[in-house]
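Laboratory data are not the source of any read-out in this text; all were calculated from the coordinates shown. This structure is a prediction, so every number in the text was calculated from the model and none was measured. Here Cβ is always computed from backbone atoms with ideal geometry, including for glycine, and neighbour counts include all displayed protein chains.
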Amino acid sequence: MDSQGVMQAAKPSRRSRWRVLAPVAVLVVSLILIQMFRVSRAVNRLQQDVATLQSLTTNGTLTASQSNLSDVLDAQLTQTVQDFREVRGDVDGLVYLAPFFGWLPRYGGDLADAPALMDFGDSISTSAQDLLAINRALNAEIDAGRASSTPIGVSVLRGVQSQRALIEQARQDLAATTQARGQIDATRLSPSLQAMTYRFDRYLPVWQAGLDMLADAPTLLGADRPRVYLLVAQNSDELRATGGFITGVSLLRIDQGKITVSNYRDSYSVDDLSKPHPAAPEPLRRYMYAYYWTFRDANWSPDFPTAARQLQAMYQIDQGVTADGVIALNQKLIPRLLQATGPVTIPEYNERVDAANVMAKIQEYWASPQGIGKAADWWAHRKDFTGKLFEAMMNRFTTGNLDRAQLAAALVDGLMSKDLLVYVNDASDAGLSRLGALTTDPGDALMIVDSNVGFNKVDGNVQRQADYAVTLDAAGAMRATLTITYTNLSNPVDAFCVHQPYYLNDYAELQQGCYWDYVRAVVPAGAELYGATPDLEASAESLPISRTSFGGYFFIARGETTKIQFEYGVPALLKGQSGYTLRLQKQPGAPPMPVRVRVTLPPGWRAVSASPAPYRIAGNTVEFNVTLDRDQEIQVDLDKSAVPLGNLVAGAIGLGVAGGLGAVLYRRRRKNAAIH
């Protein structure tokens, strides 16, 4: 057969192949379109589910007041989990191909992390259902208890004892969720997924601590023996390390879940100076003339577990009572708690107190305990009203006559902002105690701690902002400069500032004045102080919790601004680590503080990713702007394998020389070949 015949014979064969392949192609495309439609429909439902869940929650905590909130949220979460698993079922065969599309703009990171995101979605759904199941069981027990006038503590104790297996399972499921989260690079996710991931990170410590406390609840609620806790009131208008000057203390007793509060005392009346007391920390002795250490100053340590143990030791010396832990709160939490309890009545004062008027009432009766001005016995009774207020609020807590969802919101928000701190001796290595402890994790760490040593209540009028500049070297060492700007917004007057104890007729007058502060920068252990603002008289101190503290004293007149600075270095900060991590810890009781962080990398290094999203990247400097309203973490993943600039230049010169020699030799060979 000639070539023309072969070609003619081949044509029908090709046509027949296309007749077969065309329907197959149409079928494949149709199946893909159907699959995409199903996935799109399920994803749309999932987005609606998430929006509904967010409308039922605020800042990660329940805020609605309906009695059936748990049922509503549980039903919605069940639907969300069902829709999520439908999405996963539709894409499960394709999800492992998704990372090959990581190059796509905007959603490439989502596709690259798709397998890990699916695992994380499964885990967090299971963990959330665990939490709701526990919540539902506890609510049922509390509701049954209210019907029979059972104290809420007894009902909670019964509930956690009956749900012990579920609580332990919830802790294991949350650990699996945390492990799944660790496989996700959130820095490359799309904005919506990134926000959801960071939200999980933000509330994970409280979630973990809450489950730990539920596991420990039988012990904490006195199932085996009566427990006594110090309930400590702190005043953040006179800021101290753990939230404020200690204004008063009560005894919180729990026996088999039955809770009573008694013995409210002004902090000054705790002292029994006939008994020997330890020497006060040197800054208290030097700047507040405190030659021995008393209960009202026992919260000097910035590490709350350390301060809590000191508070218990002082109370034991003065009152002979051995406590099992400490619960500390400052006045910022009180209005939030009253939103949960609703208005309370204080019969002794014929007052109805609510979230809107509580702070004004506290200050009013501080100045005039009997409502008749500053009587001769004013000092002994100026805090009586606060004690009665605590008793009225605690009565609401123990009877359960309150909005539990609002209470949950107040407690979680208080723990996150550190307006509420908890330390329990029997659970000192777990639970809520971690939330007030100084971090001991590797990497960089910073906590700015102000202590008002001026005998006044000016902290509410002091604005703060910080600039933290870090330079890393190729050996992994760090040099840091911390600059803090303070502005005293108190009204300027012509009078001289007097640094001594004094009490005016009105609380508001104590909030206006000059500011005397002892500031500390708590940094990694082994840090070396290179320099500081001269007037600070700065000094270094090694803390027992594997941290170093640089401290100094300064003064700001009314209406003035000042800056203080510490310069220091940390050798081998990055030893054994692939990136730079900074843990910024908020001081309890302190107002939110703007903080700018600048991390400068060695020449040749580059930032592969960073979280949260940097404010700016300029050359080899990565800059972040954060608001320190709760603990924050900054992470910069580093690529140290890049060739240093000097090596690149040398390499370029070498390649140029080699290329020139090669060109000369090539021309000579061409010339010789032409001659021959």
For region 221-310 (alpha-carbon point model, no solvent) the Debye-based log₁₀ I(q)/I(0) at q = 0.13 Å⁻¹ works out to -0.50
For region 142-238, one quarter of the surface area of the C-alpha convex hull, expressed in nm², comes to 10.7
If every Lys and Arg gets +1 and every Asp and Glu gets -1 at its Cβ, then about the Cα centre region 227-436 yields a dipole, in debye to the nearest 20, of 100
Measuring from its Cα centre, region 468-598 shows a charge dipole (+1 at each Lys and Arg Cβ, -1 at each Asp and Glu Cβ) which, in debye to the nearest 20, is 700
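For region 442-516, what is the convex hull volume of the alpha-carbon atoms per residue, in Å³? It would help to have the intermediate numbers written out before the result.
Numbers: hull volume 9.1 nm³, N = 75.
Once divided by residue count, the hull of region 442-516 is 121 Å³.
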Once the dipole of region 444-642 is set up from charges on Cβ (+1 Lys and Arg, -1 Asp and Glu), the residue from the list A495, A590, G513 lying farthest towards its positive end is A590
Treating only Lys and Arg (+1) and Asp and Glu (-1) as charged, each at its beta carbon, one finds that region 240-313 has a dipole about its Cα centre, in Debye to the nearest 20, of 40
Taking N as the residue count of region 494-539, its alpha carbon Rg divided by 2.2 N^0.38 Å gives 1.76
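Using a ≥ b ≥ c from the Cα gyration tensor of region 227-436 (square roots of the eigenvalues), is it rounded, prolate or oblate, where a/c under 1.5 gives rounded and otherwise the larger of a/b and b/c decides, a/b for prolate?
Cα axes put region 227-436 in the oblate bin.
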Summing +1 per Lys or Arg and -1 per Asp or Glu among the other residues with Cβ less than 13 Å from K374's Cβ gives -3
Sequence order, region 601-611: Karplus ³J(HN,Hα) from phi using 6.51 cos²θ - 1.76 cosθ + 1.60, θ = phi - 60°, Hz rounded, Gly and Pro as x, gives 8, x, x, x, 7, 9, 8, 6, 7, 8, 9
